[in-house]
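Q: Here's a structure for you.
What follows is calculated from the coordinates using simple rules that are stated; it is not laboratory data. All of these numbers come straight from a predicted model, not from anything done at the bench. Here the Cβ positions follow ideal geometry from the backbone for every residue, glycine too, while neighbour counts run over all protein chains shown.
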Amino acid sequence: MAIPRLLEALDFAAVRHSAQRRKGPDAAPYVNHLIEVASLVANVGQVHDVEVLIAAVLHDVLEDTPTTAEEVTERFGPRVCRFVQALSDDKALPRRQRRQIALEELPQAEALVHVIKLADLASNIKLLPPNWTEERKREYMEWSEQAATICSPSCQPLAALYWERAGQTRAKLESGG
Ligand code: ZN
């Protein structure tokens, strides 16, 4: 029953994130990001555990929508919810503090959480929001690379993809783009 469960998660995430757009130049539907992250976990990370793929689809649903942990547990089970919670920041906190807490908590997270996080970081590092200041882009890159350093030992192929993309983005940033 793996595929029906995964499709249910995609449907759930598409509805919950329907009002949200990506911060990139094309303001893509948010679900594009969720599909990319799950696809990277499966096809680059070679993780085919359906609960990990569901957690990849749902990884932003607690952070960015009014969905509760109880709801995720009820619909997708406690293991999925545990993964999603490990990938969620507390949006009530200021950005710098959230990022600091993430760096402190990531080393204790399980390897499968690192795999999803690497896919998320690889998706986000491709193209930084064009309306960000140079300073904000640099700050984000530094944090992203620190987080990826913690997660990289858990999944070599995704780490390779992340560092390739990060290199390209850093080169663009250094050349003023
Ligand atoms: Zn994400």
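Q: State the Cα centre-to-centre distance between segment 78-98 and segment 116-174 in whole Å.
A: Centre-to-centre (Cα) distance: 19 Å.
Q: From the convex hull of the Cα coordinates of the chain, what is the mean projected area in square nanometres?
A: One quarter of the hull surface, i.e. the mean projection, equals 9.6 nm².
Q: Identify, among 140, 152, 130, the residue whose Cα sits farthest towards the positive end of the charge dipole of segment 92-157, taking +1 on the Cβ of Lys and Arg and -1 on the Cβ of Asp and Glu, with the dipole about the Cα centre.
A: It is 130, whose Cα lies furthest towards the positive end.
Q: Another question, then. First check a/c for segment 87-177, with a ≥ b ≥ c the square roots of the eigenvalues of its C-alpha gyration tensor; if it is under 1.5, answer rounded, and if not, answer prolate when a/b is larger than b/c or oblate otherwise.
A: oblate
Q: Ok, one more. How large is the charge dipole for segment 49-177, taken about the Cα centre, if only the Cβ atoms of Lys, Arg (+1) and Asp, Glu (-1) carry charge, to the nearest 20 debye?
A: Working: 16 positive and 21 negative charges, 85 e Å.
It comes to approximately 400 debye.
Q: For the ranges 140-153, 46-59, what's the packing order if you count other beta-carbon atoms within 10 Å of each residue, average per peptide, and put the highest first?
A: Ranked by mean Cβ neighbours within 10 Å, highest first: 46-59, 140-153.
Q: I need the shape label for segment 1-82. Rule: rounded when a/c is under 1.5, else prolate if a/b > b/c, else oblate, with a, b, c from the alpha carbon gyration tensor.
A: Note, shape of segment 1-82 comes out oblate.
Q: Can you check what the Kirkwood hydrodynamic radius comes to for segment 45-106, Cα pairs only, in Å to one decimal?
A: Final number for the Kirkwood radius of segment 45-106 is 12.3 Å.
Q: Another question, if that's okay. Work from the charge dipole of the chain (Cβ charges, +1 for Lys and Arg, -1 for Asp and Glu, about the Cα centre) and give the residue of 109, 97, 166 farthest towards its positive end.
A: Result: 166.
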